[in-house]
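**Student:** Following this message is one structure expressed as C-alpha cells.
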Amino acid sequence: MSHQEMLEHADFLAANKEEIARGEWRLKYHVMPPVGWMNDPNGFVEYNGQYHLFFQYYPGAAEWGPMHWGHVISEDFAHWRYLPTALAPSEEYDCDPSKQGYGCFSGSALPDSDGNLVLMYTGHVDDRVPMQTQNIAISTDGVHFEKYERNPVISQPPAGGTEDFRDPKLVTIGEEVFAVIGNRSEETGRAVVYKSDKSMRSWEYMGVLSAADGKNGTMWECPDLFPLGERFALIFSPMQGTVNTNPLIQLGIFDRKTGQFTAETERVLDGGIDFYAPQTMVDHQGRRILIAWMQQWFQTNVTASEGWAGAMTLPRELTVDERGTIRQVPLPELEALRKAPVVSERRIVGQEGFSVEAPVSCEIKLLLGEETSAQKFRILVRASEDRKEATVFDVDTVAGTVTCDRARSGVGNTSESAAKFRPRAGTGGFEIRLFLDTCSVELFAAGGEATLTNRIYPSLSSKGFFIEPVDGEMQVDELTIWPMGSAYLD
Ligand code: FRU
C-alpha cells in the first residue's frame, strides 16, 4: 500500500476513539493515544505559532506494533487536538510485513530553510542490514507529510557502530543543523553526530558525540542535545542489557567544530518508573520544554483492557541555576486547566495527621511554613477511606530524599522509586506539587529539583489526600487542591 493508503487505514482504525474516550482509566489532562498504543514523544516543535507533538503510535492494538507517528497540536501546551496520523510504514526502509518488527521509529522535527516542517525519523526493519536508517518527511502545512524521494538520508551506521542506530534529534546552532543519533558500539551506548545545512537533505558524519562510561548504558536511546544555561545538556535514555533505565542528563561542553561533548556532571532526570524517552523543544520565549513518555517498557499494561496504552507527562520547563541545580517545573500555561480550588486553612498538623478529599484528576500544592519542626513527613494520595489502598510518598528534608511506594496503589506494578534534592536545614518554605490524573501521579518537590513520575491504578473511589509528620509537627502554610478540566479539544 502507498503511504497515503497506510495513513488512511490508520485513521480508519482510530475511528472508534469515542469508545476509548468512555474508558474508566482515560486520562483527563494528559496526552494519550486516540486508540491503541503510544510510546516516545517525537517531533516536539513550535511551528507557525502552534506546538506540535508527534508520538510513537500503533493504532491496531493496545500493544507495540508496526510504528506510526501519531500527531497532536496545541496553542497553549494545556489543550490538545488530535490531527491525522502523520507517518505510517510504507517503504522498503520502514516497512516489511514479513518481519516481526518494523516501522517509523522515533525522531524529531524542525522547520527547514524554506519554512517547511521536516520530520527526521528512523526507518526500522528487523533482521535486515542495514536495520535502521535515517529518513525525512516534509510538510508544507504541518499536517500532511510526504516521505522524501531520496530517503534514506543516512543509509548506514557509522564506522564502529552496530545496527542499533536510531532516534535522530535535530538541533540548530547558528546556521548549522546537527542530528544527534543513538547508537551502540559492541556493548557501549553512545551518541553520534551529523551535520547539515538548514535544508536537512544531506548529512555529513562528524563523529562520536559522547559514549557511555561503562555504567551508564549499553545502548543510548533518544539522545537530545541543547544549550542550557552556560553549558550544553545531553539527555539520553539508557538501556542496560535488555532493561531500560531512568533517563540521564549530563551538563558539559559541546565543541561544534569537532562535534564532541565532554560531560562534567550527570544525574537522573526523574526518579519515577514511568518516565522514558524525554524530548525537548525551545519555544519563541526561549524556554526549554521537556515532555516524556509516561510509561516504561515491560510494565503491566493495565489500560489495554480499554483499548489504549501509554501517555505523555505534562510539559515541563527545564532550567539550571548558577549552582548547577537542574529543575523541572510544569508550564504555567497548565493553570488554564484549573477549576475552582478547595483551599484548606493554615494549620499546625501533629501526629494525628490531616486528611481532605481530592478529585481523581487534580493539582495539589502543599507549602510548609517556618514553624514546621518535622524533618520527615508522609503524604498519601488516592487513599481509600480505610487507607488500605494508597500511594505513599515519604519526604526527608535533611537527607534530601523523596520516595514513592506503590505497594498499595491498586492494580499494576508496585516497584518503589526515589528522587533526591539538596538537603536543607529546615523544612520551612518546602513546597510539593502533585499532579494526579486517573491513573498517574507526577510529584515535583523543592522547586522541581526532585521529580517522580509514576502510573498508579487505584479504584476511582479512592480520593483521600493525607499528610502526616513523622518526627515533629507540620505547619501548613498553603494547601490548595484544584480539580483539573479536560485537555482535549475534540
Ligand atoms: C525508545 C524506543 C526507541 C525507538 C522506539 C520504537 O522507547 O525503543 O529507541 O525508536 O522506542 O518504538
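The values are calculated or read from the model by the stated rules, or taken from the named source; none is laboratory data. Please read all numbers here as calculations on a predicted model, not as lab measurements. Cβ coordinates were reconstructed from backbone atoms using ideal geometry, including for glycine residues, and neighbour counts include every protein chain displayed. Side chains included, ligands, DNA and RNA excluded: accessible areas come from the protein's heavy atoms. Shrake-Rupley method; radii C 1.70, N 1.55, O 1.52, S 1.80 Å.
**Student:** From the helices alone, meaning DSSP H stretches of at least four residues, give me the mean residue ellipticity at 222 nm for the chain, per-run term -39500 (n - 2.57), in deg cm²/dmol to the nearest 500. Walk me through the intermediate numbers first.
**Tutor:** Details: 2 runs with 16 residues, N = 490.
Per the formula, -1000 deg cm²/dmol.
**Student:** While we're looking at this one, here's another question. Considering the dipole of segment 166-297 built from charges on the beta carbon (Lys and Arg +1, Asp and Glu -1) around the Cα centre, which of Thr242, Gln296, Thr172 is farthest to its positive end?
**Tutor:** Projecting each Cα onto the dipole axis, the largest value belongs to Thr172.
**Student:** Quick check: net charge around Phe421, other residues with Cβ under 15 Å of its Cβ, Lys/Arg +1 and Asp/Glu -1?
**Tutor:** +2
**Student:** Can you compute the FRET efficiency between Ala15 and Asp114 using 1/(1 + (r/R0)^6), with r the Cβ-Cβ distance and R0 = 45 Å? Round to the nearest 0.05. Numbers along the way, then the final one.
**Tutor:** On the way: r = 34 Å, r/R0 = 0.76.
About 0.85, to the nearest 0.05.
**Student:** For segment 31-127, what class follows from the C-alpha gyration tensor (a ≥ b ≥ c being the square roots of its eigenvalues): rounded when a/c is under 1.5, otherwise prolate if a/b is larger than b/c, else oblate?
**Tutor:** Oblate.
**Student:** Would any residue of segment 453-490 have its amide N under 16 Å from a label point 7 Å out along Cα→Cβ of Ser373? List them or say none.
**Tutor:** Output list for this probe position: 469-476.
**Student:** Let me ask something additional. Once you've got the Cα coordinates, tell me which of Lys17/Lys388; Lys99/Lys195; Lys215/Lys420; Lys147/Lys198; Lys339/Lys388; Lys147/Lys169 are over 23 Å apart.
**Tutor:** Lys17/Lys388; Lys99/Lys195; Lys339/Lys388
**Student:** Let me check I've understood the local charge: for Ile249, count other residues with C-beta under 10 angstrom from its C-beta, Lys and Arg +1, Asp and Glu -1. What total comes out?
**Tutor:** For residues surrounding Ile249, the net value is -2.
**Student:** Starting from the Cα of His144, step 7 Å along the direction of its Cβ; do the same at Ser415; then give the gap between the two resulting points in nm.
**Tutor:** Here the modelled spin labels are 4.4 nm apart.
**Student:** According to the square roots a ≥ b ≥ c of the eigenvalues of the Cα gyration tensor, what is the shape class of segment 177-237, taking rounded for a/c under 1.5, prolate for a/b larger than b/c otherwise, and oblate for the remainder? Write down the numbers at each step before the final one.
**Tutor:** Values: a/c = 2.55, a/b = 1.38, b/c = 1.86.
Since a/c reaches 1.5 but b/c is at least a/b, the shape of segment 177-237 is classed as oblate.
**Student:** What is the sum of charges, Lys and Arg at +1 and Asp and Glu at -1, for the other residues whose Cβ falls under 12 Å from the Cβ of Asn216?
**Tutor:** +1
**Student:** Convex hull volume of the Cα atoms in segment 290-443, per residue, in Å³?
**Tutor:** With only Cα atoms used, segment 290-443 gives 151 Å³ per residue.
**Student:** Nearest 10 degrees, 0 to 90: what angle lies between the long axis of helix 3-13 and the longest principal axis of the chain (Cα atoms)?
**Tutor:** 30
**Student:** Hey, for a label at Glu478 modelled as a point 7 Å past Cα toward Cβ, could you say which residues of segment 367-399 have their backbone N under 20 Å away?
**Tutor:** From segment 367-399, the list is 367-373, 379.
**Student:** Moving on. Which of the peptides 251-260, 112-121, 226-235, 178-187 is most tightly packed, and how do the rest follow, judged by the mean count of other Cβ atoms within 10 Å per residue?
**Tutor:** Descending packing order for the listed peptides: 178-187, 112-121, 226-235, 251-260.
**Student:** Quick check for you: which residues of segment 448-483 have the amide N under 20 Å from the point 7 Å beyond the Cα of Gln351 toward its beta carbon?
**Tutor:** 466-476
**Student:** Given the protein chains as shown and a 1.4 Å probe, how many square angstrom of His144 are accessible, to the nearest 10?
**Tutor:** Roll a 1.4 Å probe over it and His144 shows about 120 Å².
**Student:** Checking the a/c ratio against 1.5 first, then a/b against b/c, what shape does the Cα gyration tensor give for the chain?
**Tutor:** Judged from the Cα gyration tensor, the chain comes out prolate (a/c at least 1.5, a/b above b/c).
**Student:** I need the calculated FRET efficiency for the pair Ser344 and Asp255, taking r as the beta carbon distance and R₀ as 51 Å, to the nearest 0.05.
**Tutor:** The computed FRET efficiency comes out at 0.45.
**Student:** If you restrict to DSSP beta bridges whose two residues both lie in the chain, what percentage is antiparallel, to the nearest 5?
**Tutor:** Close to 95 percent.
**Student:** Can you tell me the length gained on complete extension of the stretch Asn48 to Asp283, counting 0.36 nm per residue apart and subtracting the Cα distance?
**Tutor:** Separation in residues times 0.36 nm, less the Cα-Cα distance, equals 83.5 nm.
**Student:** Next question. By per-residue mean of other Cβ atoms within 10 Å, what is the highest-first order of 387-399, 91-103?
**Tutor:** 387-399, 91-103
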